[in-house]
Structure formats: C-alpha cells, structure tokens
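Enquirer: I'd like to ask you about the structure that follows.
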Amino acid sequence: MKRTIFLTIVTIVLAAFFLVTDGFADDSGGEIVYKSVTFSHKSHVDGMGFDCETCHDGIFEMEAGSMVASPDFSMDSIYNGEFCGACHDGSMAFASDDDCTTCHTRPGGDILYFKPVKSVLFSHAVHTEAFGCESCHTGMFKMEALAAQENDDFTMESLYQGEYCGACHDGSTAFASDTQCATCHLGVKGYNRMQGGEQANQSGH
Amino acid sequence: MRDKIKQIRSRDNEGIENISVEERRHFLKMGLAVTGVFCGGTIISAVSAVNKVYASAGEYAAKYPYKPHYSMVIHVDRCVDCELCMQACVKTNHVPDYGYRTTILERDVPDAVGQKREFIPVLCNQCNLPQCTRVCPTRATYKNKENGIVMMDISKCIGCLTCQMGCPYNARYFSEEIHAVDKCDFCYKSRLSKGEKISACAEACPAGVRIFGDLSDPSSPVYNRVHQLEKAVWVMRPEAGTRPNIYYTKG
C-alpha cells in the first residue's frame, strides 16, 4: 500500500516535472506502471545512457498501454528475447528468468476467491516471505487475480491431487488441504466482511 | 478401557438393571474423560447411563422411540461457511429473510494453534424431550409420534412466542406471512413427506458436513457415526437435558 502511494507520488511528481519543463528530453515517458512491474525511463535513459531509439525503434511503442494490449507481451516472449528480454538476457542486463522481484516489485496483494464457493483467501504477504514469485508464477498461477476460479478444476479434488494450492498444501511443505478447512476458507461471512472493508476503504479515499 | 467394555458387555446378557450405579458412573466418566464432552452413543449396555442424557443411545436399534428416528450428524470441522445449505433451505422452505431454519455460527480463536476460525452449523435439534412443545399453551408445536420431528400446527399457534423462549437452540422465528412461529421440520413438509430421503441442507452441502438419516436403521449413514466409540460425538448444550437428535463430530 505504502509502496503504491509512493509510486503514485513519484509518477505525479515526474509528470508535473515534465509538464513544467515542457518536455524534458523530448518528453521521455516517465514511469510505466504495469500490474506488478514498473519500468523506469529515468534509470534506463539517465542511469544507463540508452537513447530513445534503442527501444523506440522496434522494441516498444511510445505509448503506455500498447504493450499490455498485445497478447505477445508475456514472460515467454521476454524469455525469448523480445521486449525487455532484448536486453534482460543475462549478458547485457540481469536475466529475465532469474531476478523476478527486481522487475516484479509489487506482488498481487490479497486475492479472495468466491467460486465455486464463497470464499477462500490467498495472501501474497504470507507467502512471499518464504517463496519467490517463480515458485507459483511459472505455470501454477497466472499473474491475474481470480483467473484460477474460471477453471472448472479449481476444486478440492484438484488440490488433493497436488494441483494449485495443493502443490504445497500437501502436509509436508504446508498444512494439508484436507485439514484446517477454515484457515483457507473465510466463508460467506468473511467474504461480506472483506467486501465491506474494501468498500469502506474506497470511500475513504 | 477395553477390559471395561468387555466387562460391561458380558453383563449385557444379565440385563441393564444388573449394572451397579457406580459402574455406570465410572463408564460415563471415562467417556467424558476421553472426549471431553460425550462418549458417542453405543450399543453396549453402558449406554443405559448415557441414555439418561442423550436421545440416541438406545441399546438396541429397536428401542428407539421413533421409526424412522431422524437425526443429523454434523462433521463440524469440514464446514467452510459456503452457506449453500442455508440457500437451499430458504429456497425449499420459503424462509423469510428475517428468520432462519438453519444458520452457521462463526467462532474466532485468535490464540489457537493452527486454524483460528471455526464454523458451526446449527438447526432445530428435534429433541426427544423438547422444551418448546412442553411450554406451548395450545399444543401448536408437537412431536410427531412416528418420526420424532418437532412440528408446527400453524392453525393453533397464537404467536405468544413462549416456545421461542423455551428453546435452548434459538431455532424458532415468527413468520409474519403465516402469523405463526415457524421452524425447521427436517424438510418433512417440503421433501420427506414427498418421498425424498434427506433434507435440502444435507443435499446441498458440498463438503460432506451434514449427514442425514435414521438413527434406528443400521444401514443409515448416521447409525455408524453415532454408534461407535473411537471418535468423539457430542451434542450442543447437553445441560439443557432435552436429548437432542443433532450430533456433532470431527473428521
């Protein structure tokens, strides 16, 4: 939360700066904020001395959001040397398949599943203390909240078979999925409390 | 413990009246010591002591007061408060939103080791010695003689709410639609009387929490769950002395 606010402030300050100076360095793009990744023009242009053409002559459009709209903008492409992977290949800059958290600075927060049943809480804060992003985000889970609950097999049976949360919640890495039901499950009551809390939070802003 | 059971079992043939008061008390105590609350109803004669407090503990199936003797066993630790049971109940029995026939209680124990939250399904306990029917001045609420379900005759209900105050389980609500008190009838009107075998809530539960059946029928899923000694089975508020027919267990 703090970090989000901080980043927002940075973005606003940068934006204000560029507005005031009427386009420092040909209106360099500032901070590009993706879901959990922030790309900094400042560190790449000022810090590392790349000029605009290095990236804006084929690798990236000069328009925030155009990449996100493209289905190719994924880790697979990045691993294959496209986009950020053009440089983040382990020789020119740190490898994409290595330091996930250098780019992915904001984990997903709390995710409250409500299908097939209300409700199950997954907390990044609890899990990222012990696990790197790659433990879960290479195949097991997308970096997209609630994506899993769109799958028909997001059920206890799958968990018992070692899928999804069951990959760890098997009684050895973490408590087994057929125990402590109410540790994962918050129920309808928990769901209503969380939604209520969120709404209260939003109206507080 | 095993010796004790053997000993008691061997006396079984001699008839219940031959077991000394002391022995009975001893067994009951053992039960309490083992489970903390209640040693599950059994088919050995020690149940004659348990039987003083609990409905199900008939020594033989045939001695159950009702046939079928409807009962529910609740695997309480499997409840995840998805409330599909409540939804099914409301839909099946047209329960108004200000009342409930079954609900889920939540208990938070922040200092507990491991799981810190518990969900507890509750409903009318269809007691063998119900307070509610005893205190009803018009006999609008009564125990069905065949199956033991505590029923309402709404034409007799005067809405005095004495039954509500008498119920230790908070299982009754006043329905403004019918101007009478209403309650869980194990889906007798909506389902059992039409040939269905289990209540709507038991059918809706995706987690195997609510097991519905006939306590006097050895082939019923509730029978083995109650008539065994290995796993603790208990009832809510046994001190009320109403001999409830809703049992709780874990696992």
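Enquirer: Collect residues whose amide H, placed 1.01 Å from N in the peptide plane, falls under 5 Å from the amide H of B:ASN128; neighbours closer than 5 in sequence don't count.
Expert: Amide H neighbours of B:ASN128, under 5 Å, 5+ apart: B:ASN245.
Enquirer: Based on alpha-carbon centroids, what's the gap between region B:97-151 and region A:103-165 in Å, whole number please?
Expert: Computed from Cα coordinates, the inter-centre distance equals 37 Å.
Enquirer: Provide the per-residue ³J(HN,Hα) series for region B:121-129, in order, calculated from phi with Karplus coefficients 6.51, -1.76, 1.60 and θ = phi - 60°, each as a whole number of Hz, with x at glycine and proline positions.
Expert: So the Karplus estimates, Gly and Pro as x, are x, 9, 7, 4, 8, 6, 4, 6, 10 Hz.
Enquirer: Turning to a different aspect of this structure: Which far-off residues, 5 or more places away or on another chain, put their amide H under 5 Å from the one on B:ARG117, with H placed in the peptide plane?
Expert: B:VAL109
Enquirer: Can you check what the net charge comes to around A:ALA145, using other residues whose Cβ is under 12 Å from the Cβ of A:ALA145 (Lys, Arg +1; Asp, Glu -1)?
Expert: Details: positive: A:LYS35, A:LYS142; negative: A:ASP110, A:GLU144, A:GLU150.
The answer is -1.
Enquirer: Do you know which residues of region B:94-119 lose at least 50 square angstrom of accessible area in the protein assembly compared with their chain on its own, with a 1.4 angstrom probe?
Expert: B:GLU106, B:GLN115, B:ARG117
Enquirer: With the cut-off at 28 Å, tell me which of the pairs A:LYS115/A:LYS142; B:LYS197/B:LYS231; A:LYS189/B:LYS145 have Cα atoms farther apart than that.
Expert: Values: A:LYS115/A:LYS142 17 Å; B:LYS197/B:LYS231 26 Å; A:LYS189/B:LYS145 38 Å.
With Cα atoms farther than 28 Å apart: A:LYS189/B:LYS145.
Enquirer: What shape does region A:100-203 have by the C-alpha gyration tensor, where a ≥ b ≥ c are the square roots of the eigenvalues, rounded means a/c under 1.5, and otherwise prolate means a/b greater than b/c and oblate the rest?
Expert: Here region A:100-203 falls in the oblate category.
Enquirer: Shifting gears a bit: Counting alpha carbon pairs within less than 8 Å and at least 6 residues apart, what relative contact order, in whole percent, applies to region A:59-205? Provide the component values of the computation, followed by the final result.
Expert: Numbers: 125 pairs, mean separation 24.3, N = 147.
Here the relative contact order equals 17 percent.
Enquirer: Separate question: Per-residue mean of other chain beta-carbon atoms within 10 angstrom of the beta-carbon, peptide A:185-195? Don't skip to the end; give the middle numbers.
Expert: Numbers: counts 8, 5, 9, 10, 7, 5, 3, 0, 1, 0, 0.
So the per-residue partner count for this stretch is 4.
Enquirer: With solvent modelled as a 1.4 Å probe, how much accessible area in total do chains B and A shield from it at their shared surface, in Å² to the nearest 100?
Expert: Values: alone 12850 and 13650 Å², together 25300 Å².
Separately minus together, B and A give about 1200 Å² buried.
Enquirer: Moving on to the next point. Do any chymotrypsin sites (Phe, Trp or Tyr not before Pro) in region B:89-168 lie in a DSSP loop with no more than 11 other beta carbon atoms within 10 Å, and if so, which? Intermediate values should be presented prior to the final figure.
Expert: Working: sites: B:TYR98, B:TYR100, B:PHE119, B:TYR142; in loops: B:TYR98, B:TYR100.
Sparse-neighbourhood loop chymotrypsin sites (Phe, Trp or Tyr not before Pro): B:TYR98.
Enquirer: Got a number for carbon plus sulfur as a percent of region B:70-201's accessible area, 1.4 Å probe?
Expert: Numbers: 3420 of 6390 Å².
About 54 percent, which is the carbon plus sulfur part of the accessible surface.
Enquirer: Need one value for A:169-182: mean number of C-beta atoms belonging to other chains within 10 Å of its residues' C-beta atoms. Don't skip to the end; give the middle numbers.
Expert: Numbers: counts 0, 0, 0, 0, 0, 0, 2, 0, 0, 2, 4, 5, 11, 13.
Mean partner shielding for this stretch: 3.
The values are calculated or read from the model by the stated rules, or taken from the named source; none is laboratory data. Please read all numbers here as calculations on a predicted model, not as lab measurements. FYI the Cβ positions are ideal-geometry reconstructions off the backbone, even for glycines, and counts take in every protein chain you see. Heads up: the accessible areas ignore ligands, DNA and RNA and are worked out on the full protein's heavy atoms, side chains in. Shrake-Rupley method; radii C 1.70, N 1.55, O 1.52, S 1.80 Å.
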